[in-house]
Every structure is written in C-alpha cells, then in structure tokens.
1. Filtering segment 265-288 down to residues that are out of contact with any helix residue (DSSP H, G or I) (no Cβ under 6 Å at 6 or more places or on another chain) and in contact (Cβ under 8 Å) with a residue 60 or more places away in the chain, which residue is least open to solvent (accessible area, probe 1.4 Å)?
2. Only residues in segment 193-212 that are on the phi > 0 side of the Ramachandran plot count as the first member; pair them with residues that are part of a helix (DSSP H, G or I), Cβ under 9 angstrom, at least 6 apart or cross-chain, and list the lot.
3. Among what's in segment 21-41 and is within 16 Å of ligand 1 (Cβ to nearest atom) and of a type in the set (Gly, Ala, Ser), pick the residue that is most open to solvent (accessible area, probe 1.4 Å).
4. If we only count strands (runs of 3 or more DSSP E) wholly inside segment 42-143, which ones have 2 or more residues that are open to solvent by less than 20 Å² (accessible area, probe 1.4 Å)?
5. Among the numbered criteria (1) touching a Ser or Thr at 6+ places or on another chain (Cβ under 6 Å); (2) within 13 Å of ligand 1 (Cβ to nearest atom), which single criterion is violated by Gly116?
6. Any residue in segment 240-253 that is touching a helix residue (DSSP H, G or I) at 6+ places or on another chain (Cβ under 6 Å), hydrophobic (A, V, I, L, M, F, W, C) and open to solvent by 50 Å² or more (accessible area, probe 1.4 Å)?
7. Against the condition within 16 Å of the chain's Cα centre (by Cα) and of a type outside the set (Ser, Thr, Tyr), how does His61 come out, does it pass?
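The values are calculated or read from the model by the stated rules, or taken from the named source; none is laboratory data. From a predicted model like this one, the values you see are computed outputs, not experimental measurements. A quick note on method: Cβ atoms are made from the backbone with ideal geometry, for glycine too, and the neighbour counts reach across all protein chains shown. Please note that ligands, DNA and RNA were not included when accessible areas were found on the heavy atoms of the full protein model with its side chains. Shrake-Rupley method; radii C 1.70, N 1.55, O 1.52, S 1.80 Å.
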Amino acid sequence: MIKAYAALSPTSPLAPFEIERRPPGPEEVQIEILYCGVCHSDLHTARNEWKGTIYPSVPGHEIVGRVVAVGDKVQGFKPGDLAGVGCMVDSCGHCHPCHEGEEQYCEQGFTGTYNGPVFGGENTFGGYSQSIVVKESFVLNISHDEKDLASVAPLLCAGITTYSPLRHWGAGPGKKVGIVGLGGLGHMGVKIAHAMGAHVVLFTTSPGKAEDGLRLGADEVCISTDAKQMASYANQFDFILNTVAAPHNLDAYLQLLRLDGTMTLVGAPAEPHPSPAVFNLIFKRRQLAGSLIGGIRETQEMLDFCALHSIVSDIELINMDYINTAYERMLKSDVKYRFVIDMSSI
Ligand code: NAP
Ligand code: ZN
C-alpha cells in the first residue's frame, strides 16, 4: 500500500487514503512521484462537476518523478532517470487516431491517468500519490535541468493542452494570437505562443495580472471586462485560445477574429457557455473549435521545445495537506500560476 490523497464523494474534501499499485509488468515503468501539478480538471473531477467520477478519486495528471524499477522489455528508461506522466496511461493502440499518435482521440476512449475507465474497466488513480506504474509508451522523457523539476510538472497537462492547438492552428511569426484567461493553462499558452514567435495578446478578467502577463511573454494585455478595450481589438486575430474554466460570453471574443480566424476552446466548464450568435460566425467565416490535451509524441515534442526555450511553469509549491485550500484559491482565479504539490510532504 502507498500513501495518496483522495476524494470519497463530490462534497468531501480530499483526505489521506491508501491505494495499491501493481508491480511493473515487462513493458512498464515504476515511478516515484516527486511533484504533481494541480489542474483545474482535478477539481472538476474530485467534485463530480463533469459527472461520471468514480470514487474514491485520486486526481493528479501532471506527474514528474524518478524511475525506480522497469520491466525487462523496457528500453527507454532505467532506474534513476527522470520521467513524466500526463493525462493518459493507455489507449487501444490500433484505431486511426492511435496510429496517428493522437491517442487522446482514441476511438475506444483513452485510459485517463485518473478516473480512467470512461468506457468500463477498473478505476485508475493519479498523481496525488507516492508512486505510479505506467506502460513505457505513455511515459515521457524529461530533459530539463533537475533543479527545475517541480516547475516542469505542469507542462504534462497545461503545457501540452496549449502547445497542441497553438501548433495545429499555426501560431508563429506574423500571426496575432489571443490567450484568454491567465491561469495554469493560460500562462503556459502565453509563454509557448511567444516562443513560437506569434504576437500575443492576453485577455484577463484580473487587472492585477496585467504586469505578469507582459513578463510572461504577452505583447499586449486587454482587460476583458472593459468593453472599450475589447472593442479596440475587433477583427484582428488569426487565432484565439480560450482557457476559461467557467461559462462566459463567447461572442465577445468571436468578434475579435479576422476573416477565417479560429477560436479554440480548451477550458471545460461544468455548465455550457451561452450559445454564440450565428452572425458572429458567418460574417467572417469564423470558426469555433475545441482541442483535447495532445498525443504522446506531441507531448514529448512540447517537453523538448520547452527545454530548448527554457520554458517552465511559474509555480507555487505546496504541501499535500494544502490541497483543499489550493482548490478554493483556484476557484477565485488566485493562482500564480500553477500549484504544484511537493509529494515528499504526503
Ligand atoms: P485555472 O488555473 O483555474 O485558470 C482558469 C482561468 O480562467 C482563471 O485564472 C481566470 O483567468 C479565468 N476565469 C476563471 N473564471 C472565470 C470567469 N468566470 N470569467 C472569465 N474568466 C474566468 O484553470 P486551468 O487549470 O488553467 O484549466 C482551465 C480549464 O481548462 C478548466 O476547465 C480545465 O478543466 C480545462 N482543461 C482542459 C483541457 C483540455 O484538454 N481541453 C486540459 C486541461 C484543462 P483571469 O483571472 O486571467 O481572467
Ligand atoms: Zn489537466
């Protein structure tokens, strides 16, 4: 048995809990978890906001740690190596998306690192725990300096969830890109879009975050609650990445897209957004899209890109028993800009 933190019901705070981990099979890697990031999806799941949470629920899918044992068929990792695990631990491996390296869109449904069996099977327990055993093909290499390890953890979800759509929709030199919301995902989006060479405008509801936005890599900051400031950005954006975790008026951002521009939603609020006005789409052939994390190959590409560009997350390191307070602060948009749990504190 190992130590973990679990929610036992939608309304119970997270609390100490013991779980079992299997010994590593021939193709599996056993990782001692050193740090785990706190994603807003952890909160949505622990509180059953998306429905379908299986209890006990052990969240955590921004996992970094040290390999302690490997199965005899494992070639890419050995004990002592640093390793990362993101949102997925398995997928069917033979459908079209899996062949394309887009396991997150697996036609059978990928197995989540926690609350895994969306389509049946056993529950999975995430990174708010001392160790994890994962198939080698779902384990990531970490090439950042070891001293930055805690700040690398959020790349495993917040990093890839912003990197993948920024790449897919072509963020780069000559492109004007908006990032909506400066939380865990948003601050990674600002850093990555800037490193890709785009002109980055941050949209935030928190005037107090404007200075940080510029420091993190935004070229401009727009306070999205100020209608005048919003109007001054009309019809300019090639791409807007919307990371907001709550329902809000999408029209305010659709109006900022130029001809053929796209706004992609990665924020996944529990309640739907009010439906946007059709005219805001048809008049400039604008597109409203969505995107889910990123595949394993692309996650490795993102980690290597971030190592090359010295990109890590801005974090607040916390002890495990601070997690319920961290959730409350996350709900108030009071995170600068990702909580990461020091797992030695469990
Ligand atoms: P977070 O750290 O809480 O950041 C969300 C940000 O949204 C806040 O910091 C705030 O930024 C803004 N915001 C919050 N409430 C708002 C409101 N009522 N109106 C306007 N803006 C508001 O959350 P996160 O971890 O980045 O996650 C964001 C969302 O993405 C969550 O729903 C999460 O489940 C989802 N997610 C999706 C994927 C995917 O694959 N698609 C992956 C990971 C997470 P400002 O203070 O700057 O306004
Ligand atoms: Zn996440």
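1. My answer is Gly267.
2. No pair meets every condition.
3. Ser41
4. Working: elements: 63-70, 82-85, 88-90, 131-135.
Ranges flagged: 63-70, 82-85, 131-135.
5. Only one criterion is unmet by Gly116, namely (2).
6. The answer is no; no qualifying residue exists.
7. Here the answer is yes, as His61 does meet what is asked.
Quick grid of which residues meet (1) of a type in the set (Phe, Trp, Tyr); (2) within 16 Å of ligand 2 (Cβ to nearest atom):
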site	(1), (2)
Asn115	no, yes
Phe125	yes, yes
Lys135	no, no
Val139	no, no
Ile142	no, no
Lys147	no, no
Ala150	no, no
Pro154	no, yes
Gly159	no, yes
